Amino acid sequence: MTENLERLLQVAKEKERYEAELEIAREIQKQLYPKSVPESAQLKLVALYKPARMVSGDYYDYRRLDDSKIAIAIGDVAGKGISAALLMATVQSGFRSQLQLASSSGGHSVGTSLIVSRLNEQLHANTPPERFATFFVGVFDETTSTLHYTNAGHLPPLILRTDGSVTRLDTANTVIGLLGGMSYTQAEIELKPDDLFLAYSDGVSE
């Protein structure tokens, strides 16, 4: 009986330690998400994040590149828990470094396909083969109301028009981090007044 009690106490201590580490990871992850929304005369950006667990591999971001361009991204790391959250942090770091490069060049020479290609190479070189992520990035040009985008295996975001039509934004690319040397394609679409752009993770569809 004494041995059983000691074993139960050890399990309880391990669980308490794990929950404490999970809470720390949750607080760190919260700091990775954008804290402010880029001001825009044309776009109204709204984000909602509710993890199924305390931490997750879901990721979203938006950043202004220059006076006329805003980058929007959403991704989902394979797996759950702390390991997925750690890889999500790697995706965030890599993506923002690519945006910094795009901003330094005026946002003209770095397209969404190149951003995703470089991010894929970075993840593939620094993570195990079984760790990968779906990823969507779009760059909205306020001067032309055009969204340039690349979808790397993510659930296709939707554009809901005022006439009731729905457009799925899918460029038939593979996920990031799984294979090196991949080429990614990009597409573009014009956004019209009162269009609704909806990007989401599998937590919604499931």
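The values are calculated or read from the model by the stated rules, or taken from the named source; none is laboratory data. Note that this is a predicted model, so its numbers are computed, not measured. Don't worry about glycine lacking a Cβ; one is built from the backbone with ideal geometry, like all the others, and counts go over all protein chains shown. The area values use the complete protein model at the heavy-atom level, side chains included, leaving out ligands, DNA and RNA. Shrake-Rupley method; radii C 1.70, N 1.55, O 1.52, S 1.80 Å.
A protection proxy built from the mean count of other Cβ atoms within 10 Å ranks the segments 149-157, 42-50, 180-188, most packed first, as 149-157, 180-188, 42-50.
Per residue, the accessible area of the chain comes to 57 Å², computed with a 1.4 Å probe over protein heavy atoms only.
Go ahead and run the numbers for FRET between Val46 and Leu8, Cβ-Cβ distance against an R0 of 41 Å, rounding to 0.05.
That pair, Val46 with Leu8, gives E of 0.30.
What the pair-distance distribution of the stretch 66-147 shows, using all Cα-Cα distances binned every 5 Å from zero, is 3, 14, 26, 22, 16, 10, 6, 3, 0 percent.
List the relative contact order of the chain as a percent without decimals, with contacts defined as Cα pairs under 8 Å and 6+ residues apart.
In percent, rounded to a whole number, it is 18.
Placing +1 on the Cβ of every Lys and Arg and -1 on the Cβ of every Asp and Glu, with nothing else charged, gives the chain a dipole about its Cα centre of roughly 240 debye. Taken over the chain, lysine pairs spaced eight or more positions apart, or on distinct chains, with alpha carbons under 30 Å apart number 21. Restricting to bridges with both residues inside the chain, how much of the DSSP beta-bridge set is antiparallel, in percent to the nearest 5? Within the chain, antiparallel bridges account for around 95 percent of the total. Evaluating kT/(6 pi eta Rh) at 37 °C and 0.692 mPa s, with the Kirkwood radius of the stretch 1-87 over Cα pairs in the Stokes-Einstein relation, gives 207 µm² s⁻¹.
Helical content of the chain, expressed as a calculated mean residue ellipticity at 222 nm, amounts to -12000 deg cm²/dmol (DSSP H runs of 4 or more residues, -39,500 (n - 2.57) each, divided by residue number, nearest 500). Across the stretch 34-43, computed HN-Hα scalar couplings (Karplus, 6.51 cos²θ - 1.76 cosθ + 1.60, θ = phi - 60°) run x, 9, 9, 9, x, 6, 8, 7, 10, 10 Hz from first to last residue, x flagging Gly and Pro. A dipole drawn for the chain from +1 and -1 charges on Cβ atoms has a positive end, and of Leu22, Val175, Leu8 the residue lying farthest that way is Leu8. Restricting the calculation to Cα atoms, the stretch 45-97 yields a radius of gyration followed by a Dmax of 12.3, 38 Å. The alpha carbon centroids of the stretch 155-206 and the stretch 16-71 are separated by 19 Å. With no solvent and one equal point scatterer per Cα, compute the Debye intensity ratio I(q)/I(0) for the chain at 0.11, 0.16 Å⁻¹ and report its log10, rounded to two decimals. After summing over all Cα pairs, the log10 values are -0.55, -1.05.
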